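Enquirer: Mind having a look at this structure? Questions to follow.
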């Protein structure tokens, strides 16, 4: 069986449009997306944000919502999996909205992150402390309670599934290339936050996403477009069997 990828909605976040599309004004409601990869191993990319009330209070400017049927355990169950069935969790990066909800996973589940991302998230510059929920800003970060496998550069996770660096949005962001029957699907995550960030027909970036390094982000978005026959962005409703719940009117 060739690998396949299913994007799943784990709630939504109301935020300034400029978070995903630099220079845009107004508020948007963006989905929180995780990606189930079924291959010779069962892989989950990202694990969404934590308790909506807690993270909303901790991150000014963001309002999080999650119904019971959008809890991580429930969305996996709808696909026929329990968290303990997941062999590997891959963190695209360690921003607060991508790396919570780790308690349900089994002891045998491996957690994978780029070494550069782990190193930076452990001790970020003060302007980035809140996005990484650094220890100086509040409770213990969930990923510090797990043993993480740090990888360097491009790594095959299992046959047909490859993690590769796409820095820019964060220092050590990574995306995942999956060889499916239809070609290469790239789980871009926040290397391409929305389809509005790229011109898919021309195969080039067209609108900056939020990034700690805009030049690196542009190069990474270009690499994603070059590599993928299909692109799965980090926060775009178009790839999901879900709709906004009305956080923004």
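Just so it is clear, none of the values below were taken in a lab; they were calculated from the coordinates. Keep in mind that what you see is a predicted model, and the values were worked out from it rather than measured. Every residue, glycine as well, gets a Cβ built from its backbone with ideal geometry; the counts of neighbours run over all protein chains shown.
Enquirer: Starting from the eigenvalues of the Cα gyration tensor, five times each then square-rooted, give me the equivalent ellipsoid semi-axes of the stretch 137-228, largest first, whole Å. Display every interim value, and only then the final one.
Expert: On the way: eigenvalues 114, 75, 22 Å².
Those come to 24, 19, 11 Å.
Enquirer: Share of antiparallel DSSP beta bridges in the stretch 116-242, in percent to the nearest 5? Could you put the intermediate results ahead of the total?
Expert: Details: 15 of 19 bridges.
Restricted to the stretch 116-242, the bridges split so that about 80 percent are antiparallel.
Enquirer: Give the separation of the Cα centroids, the stretch 139-171 to the stretch 81-114, in Å.
Expert: 10 Å
Enquirer: Here is a further query. Report the relative contact order of the stretch 127-249, percent, no decimals, based on alpha-carbon pairs under 8 angstrom and at least 6 residues apart. Provide the component values of the computation, followed by the final result.
Expert: Values: 203 pairs, mean separation 25.8, N = 123.
Relative contact order here is 21 percent.
Enquirer: At q = 0.14, 0.26 Å⁻¹, what is the base-10 log of I(q)/I(0) for the stretch 3-81 according to the Debye formula with one equal point scatterer per Cα and no solvent? Please give it to two decimals.
Expert: The calculated log intensity ratios at q = 0.14, 0.26 Å⁻¹ are -0.53, -1.17.
Enquirer: For Cα pairs less than 8 Å apart in space and 6+ apart in sequence, what is the mean separation divided by the residue count of the stretch 24-96, i.e. the relative contact order in percent? Before the final figure, lay out the partial values.
Expert: Details: 63 pairs, mean separation 24.8, N = 73.
About 34 percent, as a whole number.
Enquirer: Over all Cα pairs of the chain, how is the pair count split among 10 Å bins, expressed in % and running from 0 up to the last occupied bin?
Expert: With 10 Å bins starting at 0, P(r) equals 8, 34, 41, 17, 1.
Enquirer: Right, another one. Restricting to the stretch 4-239, what percent of DSSP beta bridges are antiparallel, rounded to 5?
Expert: Details: 33 of 47 bridges.
Among the beta bridges of the stretch 4-239, antiparallel pairing accounts for roughly 70 percent.
Enquirer: Rank-order 122-129, 83-90 by packing density, defined as the average count of other C-beta atoms within 10 Å over each peptide's residues, highest first. Mind showing how you got there, number by number?
Expert: On the way: 122-129: 12.9, 83-90: 19.5.
Ranking, from highest mean packing down: 83-90, 122-129.
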